[in-house]
1. Taking the options Asn203, Asn151, Asn159, name whichever one is of a type outside the set (A, V, I, L, M, F, W, C), surrounded by fewer than 12 Cβ atoms within 10 Å (Cβ to Cβ) and touching a residue at least 40 places away in the same chain (Cβ under 8 Å).
2. So, in region 218-230, exactly how many residues are within 18 Å of the chain's Cα centre (by Cα) and either of a type in the set (A, V, I, L, M) or surrounded by 17 or more Cβ atoms within 10 Å (Cβ to Cβ) (or both)?
3. Return yes or no: is Ser134 in a helix (DSSP H, G or I) and open to solvent by less than 50 Å² (accessible area, probe 1.4 Å)?
4. Would you check which residues across region 164-197 are open to solvent by 80 Å² or more (accessible area, probe 1.4 Å) and either within 14 Å of the chain's Cα centre (by Cα) or closer than 16 Å to Ser98 by Cα (or both) and list them?
5. Within the group Ile186, Ile182, which residue is closer than 14 Å to Ala22 by Cβ, in a strand (DSSP E or B) and in contact (Cβ under 8 Å) with a residue 24 or more places away in the chain?
6. Only one of Asp141, Asp217, Asp168 is out of contact with any Cys (no Cβ under 8 Å at 6 or more places or on another chain) and in contact (Cβ under 8 Å) with a residue 12 or more places away in the chain. Can you tell me which?
7. Can you give me the number of residues within region 190-220 that are out of contact with any strand residue (DSSP E or B) (no Cβ under 6 Å at 6 or more places or on another chain) and part of a loop (DSSP other than H, G, I, E, B)?
Amino acid sequence: IEFIILTINELGYMTTNNKITALIAVKGNSERVEKKNVRPFADSSLLQIKLEQIQSLNVFDEIIVSSESDDVLAMCEPFDVITHKRDSFYSTSHVPMSSVYEHLAELVKTKYIAWIPVTNPLVGGEIYEDAVKSFTSMNHDVYDSLVSVNNVREYLYHNGKPLNFSLDPWPRSQDLSGTYSINFAINIISKKDMINNRATIGNNPYFFVIEKDIAIDIDYMEDFILAETLYKSRRSKNDS
């Protein structure tokens, strides 16, 4: 009997410990695009769109939105999320992201953290569900994290030598493979490793591929305009 009780307790502990928290860090303002995360975007905002995309999913134990801005946190009130008033020190440009990652990871109670920016509006619920499924089913003895990437189809040189192609035979761009660009649409890592590594990526990540046109990340105003155009176009097709 004691053995059975011990087994049940161990299984319960493992189940609790394998839960994932979606961690969303949102600045009130941005240097390159003013108020990027909350300014009007396709009759909504990047923050609202992202929360709508993930709040109904059953793959996250909880959702935490961290911001130094009271206006940002007020926008979260209609959603089933936990809000965290971040020390404004961690929202300044002179603080390295490594320090931000370490600081915010301390908020989380679950074993794993899904780092999800709001700046990938075309990445929706199905992709997040697939990412979590890939993370839970990957070989954790080999991989210590999941990193969303897109295939690089450009011809790259590094230190004066071709990085992802040969000169002869010259490959077609669509055949270029093996080189990836991190798009940060979703990264999943243990709380422990996020604190120790001060990063959302482990030493041996599993590459979760998202097509580049879907994973578009907004850094500059031209990105904002392009992403909004694509988002409206996709929404229009879905509505028709």
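1. Being of a type outside the set (A, V, I, L, M, F, W, C), surrounded by fewer than 12 Cβ atoms within 10 Å (Cβ to Cβ) and touching a residue at least 40 places away in the same chain (Cβ under 8 Å) holds for just one of Asn203, Asn151, Asn159, which is Asn203.
2. 3
3. Yes.
4. Within region 164-197, Lys192, Asn196 qualify.
5. Being closer than 14 Å to Ala22 by Cβ, in a strand (DSSP E or B) and in contact (Cβ under 8 Å) with a residue 24 or more places away in the chain holds for just one of Ile186, Ile182, which is Ile186.
6. Going through Asp141, Asp217, Asp168 in turn, just one is out of contact with any Cys (no Cβ under 8 Å at 6 or more places or on another chain) and in contact (Cβ under 8 Å) with a residue 12 or more places away in the chain: Asp217.
7. Total satisfying the criteria: 11.
Condition check ((1) modelled with pLDDT of 95 or more; (2) closer than 23 Å to Ile216 by Cβ; (3) hydroxyl-bearing (Ser, Thr, Tyr)) across all residues:
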position	(1), (2), (3)
Ile64	yes, no, no
Phe79	yes, no, no
Thr92	no, no, yes
Pro96	no, no, no
Ser99	yes, no, yes
Pro117	yes, yes, no
Tyr128	yes, yes, yes
Phe135	yes, yes, no
Met138	yes, no, no
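The values are calculated or read from the model by the stated rules, or taken from the named source; none is laboratory data. Worth saying up front: this structure is predicted, and the values here are computed from it rather than measured. In this analysis, Cβ positions are derived from the backbone assuming ideal geometry, glycine residues included, and neighbour counts consider all displayed protein chains. Areas reflect the complete protein model, heavy atoms only, side chains present, ligands, DNA and RNA absent. Shrake-Rupley method; radii C 1.70, N 1.55, O 1.52, S 1.80 Å.
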